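Single-structure report; data block below.
The values are calculated or read from the model by the stated rules, or taken from the named source; none is laboratory data. From a predicted model like this one, the values you see are computed outputs, not experimental measurements. Every residue, glycine among them, receives a Cβ derived from its backbone with ideal geometry; neighbour counts consider all protein chains shown. When the accessible area is computed, the model is the full protein with side chains, heavy atoms only, and any ligands, DNA or RNA have been set aside. Shrake-Rupley method; radii C 1.70, N 1.55, O 1.52, S 1.80 Å.
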Amino acid sequence: GDAVAPYNGKCVRATAGSLFHVPVVRAADPGEVVDRLRTAGLRVLAATGRGETDLDTMPDEALAAPTAWLFGSEAHGLPAPLLEAADERVRVPIHGRAESLNLAAAAAVCLYTSARAQRRKEPDRDPDDLPPARERRAVDV
């Protein structure tokens with residue numbers, strides 16, 4: 001879609017360089033990306049404040065599977081067609097009096113929860129043994 005380039009200097013600084021260690025996919029047609037992710041064997045989860053699935057109640061088995069997360073803009077979220085295309089719409093529970101999380105916080109919580117589930121599935125795997133993200137990219141759009 002139309003957004004700032006992920007390798008823009010501000011993006012790289014904001015991620016403290018971790019951007020180079022995870023696959024990032026951008027395309028003019030996000031629906032095509034979802035189809036290709038699914039074809040590549042990934043489960044597609046959409047983060048939304050109105051998701052029917054609570055992240056806290058998702059079983060580790062579901063989160064440990066190969067997964068692609070979709071995150072929308074902070075102002076508007078994901079477009080309806082992308083929400084519908086996802087296998088599941090997931091909300092991050094908010095406890096206390098906060099009304100919402102910003103995109104960076106919500107994405108961090110979702111990605112951390114998936115990573116934790118994957119570590120529990122393979123507790124003896126050394127994360128340093130993973131190939132660089134550019135070699136793990138499931139979809140090249």
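What the table below lists for this structure:
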quantity: Subset of the stretch 90-141 [surrounded by 14 or more Cβ atoms within 10 Å (Cβ to Cβ), hydrophobic (A, V, I, L, M, F, W, C) and modelled with pLDDT under 80]; calculated: ALA133, ALA138, VAL139
quantity: Matching entry among GLU99, GLU84 (being in a loop (DSSP other than H, G, I, E, B) and acidic (Asp, Glu)); calculated: GLU99
quantity: Residues (free of Cβ contacts under 8 Å to residues at least 60 places away in the same chain and aromatic (Phe, Trp, Tyr)) located in the stretch 7-49; calculated: TYR7
quantity: Any hit, the stretch 71-78, residues being at pLDDT 85 or above and in contact with a Pro (Cβ under 9 Å, 6 or more places away or on another chain); calculated: yes
quantity: Yes/no for GLY17 being within 15 Å of the chain's Cα centre (by Cα) and among the small types (Gly, Ala, Ser); calculated: no
quantity: Test: GLU32 is open to solvent by 30 Å² or more (accessible area, probe 1.4 Å), touching a helix residue (DSSP H, G or I) at 6+ places or on another chain (Cβ under 8 Å) and farther than 24 Å from GLN118 by Cβ; calculated: no
